[in-house]
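Notes follow the structure.
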Amino acid sequence: MTTPPTRSAPPSAPPSAPPSARPGHATHAAMPTQLGGAFDFSDVAGRPIGPSDFRDRWTLLFFGYSRCRASCPMAIPRMVQTAERLRQSGIAARALFVDIDVPPLGVVRFRRPGAAAAMALQAAPHHGHGELDRIAAMRALAKKFDGRLVVATGTRAQLSAATQAFNVAREHIPPRPGEMGHSINHSSLIYVLAPDTRVAGYAMHDQPSVALEDMIRHLARRRG
């Protein structure tokens with residue numbers, strides 16, 4: 001049973017541990033200094049992305065999947081808007097979305113009894129979901145925000161390392177309405193990376209962009 005959600009700490013005092021998970025989006029408690037480190041991905045054109053691409057700027061980072069109809073469509077516009085407002089005020093900032101939707105390889109373990117059978121039944125009318133669908137969704141997302149959002153992914157090993165480093169929980173489940181093949185329950189935190197690419201704080205996916213902006217300004221002032 002999911003514990004009732006708690007609100008994020010005020011922007012002036014970034015939380016010392018992630019808030020409780022919202023239903024269907026698990027979050028594991030950890031201090032910001034305990035998160036991060038694995039940061040090797042590729043963009044939609046296949047170009048490698050590493051820490052040097054985000055050094056000397058504030059980065060809003062979210063792990064999800066481009067076909068998502070739940071927390072991702074809420075988090076992404078907030079990150080993009082926050083980064084834009086910061087840039088307009090002279091603070092270098094960027095929004096980064098990492099697609100963790102790597103198609104399952106071999107046998108997939110499900111936490112809920114019968115989930116695998118339900119996924120197969122619901123996916124059949126839609127002819128399943130494959131790598132081409134995932135890439136197309138990523139490219140569509142990048143095009144929608146026209147350079148204001150970096151959309152990245154990685155190999156199975158890279159994504160596994162990153163989700164462990166950032167404490168991202170993920171679980172394949174039967175498709176939600178509007179999604180095909182499968183859906184993913186995943187952690188829904190927006191991570192804030194400082195100009196040295198270390199995690200400086202985080203907020204929930206539905207944090208207003210004004211609150212995100214205030215939090216980053218506060219962190220920037222503390223760092224001088």
18 Å tail of the calculated P(r), region 171-224, as % of Cα pairs = 49
Any residue on another chain or 5+ positions along whose placed amide H is under 5 Å from the amide H of Ile173 is listed here as Ser183, Ile184, Asn185
Taking placed amide H atoms and a strict 5 Å upper bound, the residues 5 or more places from Ile49 or on another chain that come that close are Phe41, Ser42, Asp43
Can you run phi through the Karplus equation (6.51, -1.76, 1.60; θ = phi - 60°) for region 66-75 and list ³J(HN,Hα) in whole Hz, with x for Gly and Pro?
-> 5, 8, 4, 10, 10, 7, 4, x, 8, 6
Result for region 127-222: accessible area per residue, probe 1.4 angstrom, in square angstrom, of 42
Going highest first, how would you order 142-155, 184-197 by mean Cβ packing within 10 Å?
-> 184-197, 142-155
Förster radius 22 Å - calculated FRET efficiency between Ala140 and Glu84 (Cβ-Cβ, nearest 0.05) = 0.60
Ignoring ligands, DNA and RNA, what percent of the accessible area of region 44-90 is carbon or sulfur (1.4 Å)?
-> 44
Scalar couplings 3J(HN,Hα) for region 44-59 by Karplus 6.51 cos²θ - 1.76 cosθ + 1.60 (θ = phi - 60°), nearest whole Hz, x for Gly and Pro, are 5, 8, x, 6, x, 10, x, x, 4, 6, 10, 6, 6, 8, 7, 10
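The values are calculated or read from the model by the stated rules, or taken from the named source; none is laboratory data. From a predicted model like this one, the values you see are computed outputs, not experimental measurements. Ideal geometry is used to build each Cβ from the backbone, glycine not excepted, and the neighbour counts take in all protein chains shown. Just the protein is used for accessible areas: all its heavy atoms, side chains included, with ligands, DNA and RNA removed. Shrake-Rupley method; radii C 1.70, N 1.55, O 1.52, S 1.80 Å.
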